[in-house]
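Trainee: Input: one structure, supplied below.
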C-alpha cells in the first residue's frame, strides 16, 4: 500500500517547467529599482501636469486682473487698438522668440515713444517689478 501512495504523490505533483514568465521575473535588483524610479517619475509628471492645467487659467486671470488694476486697459485692449496697441499686437511683435520679457519690462517701466506710432506710452514706474514681469510674460504668451 505504501508503494501505491508514493506513486499517487508522484502523479499528483506537477513537473515544474521553465516558462517565459518565470524567466522574466528573474531580473537583477538594479532593473527593479530602475523601473520603480521610472514609475515614480511618471506619476510626478502626471501630477505636475494636472496642477499646471488647473493653475494656468488662474494665472491668466491674475494677469488680466493686473492689467485692470494698473489701468492698462485704458489704453490697451485684447484685440483692438485704442490709444496704444492691442495685447494681441504686442504678443505678435514680441512673442515667439522675437523679444524677451526683460525688453517688455523695460519698455513698460520706462515708457516709450515712437515704437507704435506718435502716441507716447508714459512710464509705469509705480508698478511693482513682480507685477510688471507677470504682465510682460502674459503678453508674450498671447495674453490669453
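Every read-out reported here was derived from the displayed coordinates using simple, explicitly stated rules and does not represent laboratory data. This one's a predicted model, so the numbers in the text were calculated from it and none came from an experiment. Virtual Cβ from ideal backbone geometry, glycine too; neighbours counted across all protein chains shown.
Trainee: Restricting to the stretch 108-144, count the residues that are assigned to a helix (DSSP H, G or I) and within 16 Å of residue 83 (Cα to Cα). Let's see the steps before the verdict.
Mentor: From the stretch 108-144, those assigned to a helix (DSSP H, G or I) are 108-110, 129-140; that's our starting set.
Now restrict to residues that are within 16 Å of residue 83 (Cα to Cα): 108.
Residues that pass the stated criteria total 1.
Trainee: Okay, moving on. Filter the stretch 94-105 for residues that are surrounded by 14 or more Cβ atoms within 10 Å (Cβ to Cβ) and either more than 21 Å from the chain's Cα centre (by Cα) or without any contact (Cβ under 8 Å) to a residue 40 or more places away in the chain (or both) and give the result. Write out each step before concluding.
Mentor: First, the residues of the stretch 94-105 that are surrounded by 14 or more Cβ atoms within 10 Å (Cβ to Cβ): 94-95, 99, 101, 104-105.
If the condition is that a residue be surrounded by 14 or more Cβ atoms within 10 Å (Cβ to Cβ) and either more than 21 Å from the chain's Cα centre (by Cα) or without any contact (Cβ under 8 Å) to a residue 40 or more places away in the chain (or both), then 101, 104, 105 are the ones that fit.
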